[in-house]
Amino acid sequence: MRPKIVLFGDSITEESFGDGGWGASLAHHFARTVDVVLRGYSGYNTRWALHVAERVFPAATEAEGGGGREAPLAVAVFFGANDASLSDRSSAFQHVPLEEYKQNLHSIVSFIKKRWPTTFVLLITPPPIDEDGRLKHPYGDNPSGLPERTNEAAGAYAKACVEVAGECGLPVIDLWSRMQQLPGWEKACLRDGLHLTPVGNKIVFEEVVESLRQGGLNLESLPVDLPLLVDIDPHVPLKSFQH
């Protein structure tokens, strides 16, 4: 079986296998070496993610040998955009208080590490918010006429995510800060004030690949699944499959 990299997150992860998505780009990048497994759940916050973690990452049954399923090479944990929804606006049901968000991230990391101690865990902060874009693309009814998310709130949750990574000794991609380095990031990176454009997806892809590389997971270090065409003897092709 090929090793796996699991993407665990909300709609920004669920959409990542779409055309030009960062997950699809990862799958293409690691073709023939790693299976990129999508576990994205639109609208989910860390409270819900923690609640369903056992179902997302099931333990092995006795029939499968016990001891937990084969450990993924890496798990990217990408939550916070929904947690940061404001508690007094239209998406309040998704809101998770900042301190609970931090604790939930700790618990998700602990869950993964307890099950698979060797798995490389990468945290990704929520992206910045273009409030004008959210007003033009609200989720459901928005009678207040105010954005249900703000960039300031997203920044507080991004900072908390970076803090959790430091406390856990894990790598983190500070997407909130990284995207805002790009001039005109509001429309360049975000198609509706929250979800990613092709440019935004490219930034996430490049950051994830670099974080994995720094963790020792790259094309040079990973074995290729089955012989490459250039390595097959054209005179005795089946000889290449005997090892």
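The values are calculated or read from the model by the stated rules, or taken from the named source; none is laboratory data. Computed from a prediction, not measured in an experiment: that's the story for all the values here. All Cβ positions, glycine included, derive from the backbone under ideal geometry; neighbour counts span all protein chains shown.
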Exercise. Considering each residue of region 203-243, count those that are out of contact with any strand residue (DSSP E or B) (no Cβ under 9 Å at 6 or more places or on another chain) and either at positive phi or not in a loop (DSSP other than H, G, I, E, B) (or both), and give that number.
Key: 14
Self-check item: Criterion (over 30 Å from Gly133 (Cβ atoms) and of a type in the set (A, V, I, L, M)) met by exactly one of Val199, Val208, Val230
Solution: Val230
Exercise. Search region 149-164 for residues that are of a type in the set (Gly, Ala, Ser) and pair each with any residue that is surrounded by fewer than 22 Cβ atoms within 10 Å (Cβ to Cβ) and assigned to a helix (DSSP H, G or I) when their beta-carbon atoms are under 8 Å apart and the residues are at least 6 apart or on different chains.
Key: Ala156/Leu98; Ala158/Ser177; Ala160/Leu98; Ala160/Lys102
Self-check item: Exclusive hit being aromatic (Phe, Trp, Tyr) and in a loop (DSSP other than H, G, I, E, B), set Tyr101, Tyr157, Tyr139
Solution: Tyr139
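Out of Asp141, Asp132, I need the residue that is more than 21 Å from Gly43 (Cβ to Cβ), at pLDDT below 95 and either charged (D, E, K, R) or touching a Gly at 6+ places or on another chain (Cβ under 7 Å) (or both). Which one? Spell out the reasoning first.
Working: Asp141 fails: more than 21 Å from Gly43 (Cβ to Cβ).
Exactly one residue qualifies, and that residue is Asp132.
Look at Ala59 and say whether it is among the small types (Gly, Ala, Ser), at pLDDT below 95 and not in a helix (DSSP H, G or I). Spell out the reasoning first.
Working: among the small types (Gly, Ala, Ser): yes; at pLDDT below 95: yes; not in a helix (DSSP H, G or I): yes.
Yes, satisfied.
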Practice problem: Filter region 73-99 down to the residues that are at pLDDT below 95 and of a type in the set (A, V, I, L, M, F, W, C), then identify the one that is nearest to Glu207 (Cα to Cα). | Solution: Leu86
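If we keep just the residues of region 9-56 that are of a type in the set (Val, Ile, Thr) and in a loop (DSSP other than H, G, I, E, B), which is farthest from Ala74 (Cα to Cα)?
The initial filter retains those residues of region 9-56 that are of a type in the set (Val, Ile, Thr), namely 12-13, 33-34, 36-37, 46, 52, 56.
With the extra rule that they be in a loop (DSSP other than H, G, I, E, B), the set shrinks to 33-34, 52.
Working: Thr33: 13, Val34: 10, Val52: 19 Å.
The residue in question is Val52.
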Quiz item: What are the residue pairs meeting all of these: first residue in region 168-192, first residue within 24 Å of Ala74 (Cβ to Cβ) and at pLDDT 95 or above, second residue aromatic (Phe, Trp, Tyr) and crowded, with 16+ Cβ neighbours inside 10 Å, Cβ atoms under 6 Å, and 6 or more apart or on different chains?
Solution: Met179/Trp185
Self-check item: region 206-223, subset surrounded by 14 or more Cβ atoms within 10 Å (Cβ to Cβ) and among the small types (Gly, Ala, Ser), residue nearest to the chain's Cα centre (by Cα)
Solution: Ser211
Quiz item: Among the numbered criteria (1) of a type in the set (Asp, Glu); (2) crowded, with 18+ Cβ neighbours inside 10 Å; (3) in a helix (DSSP H, G or I), which single criterion is violated by Glu148?
Solution: (3)
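Consider Lys113 carefully, then state whether it is under 21 Å from Phe57 (Cα atoms) and either part of a helix (DSSP H, G or I) or of a type in the set (Lys, Arg) (or both). Steps first, answer last, please.
Working: under 21 Å from Phe57 (Cα atoms): yes; either part of a helix (DSSP H, G or I) or of a type in the set (Lys, Arg) (or both): yes.
Yes, satisfied.
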Quiz item: Among (1) out of contact with any Cys (no Cβ under 9 Å at 6 or more places or on another chain); (2) surrounded by fewer than 22 Cβ atoms within 10 Å (Cβ to Cβ); (3) at pLDDT 95 or above; (4) not β-branched (Val, Ile, Thr), where does Lys102 come up short?
Solution: (1)
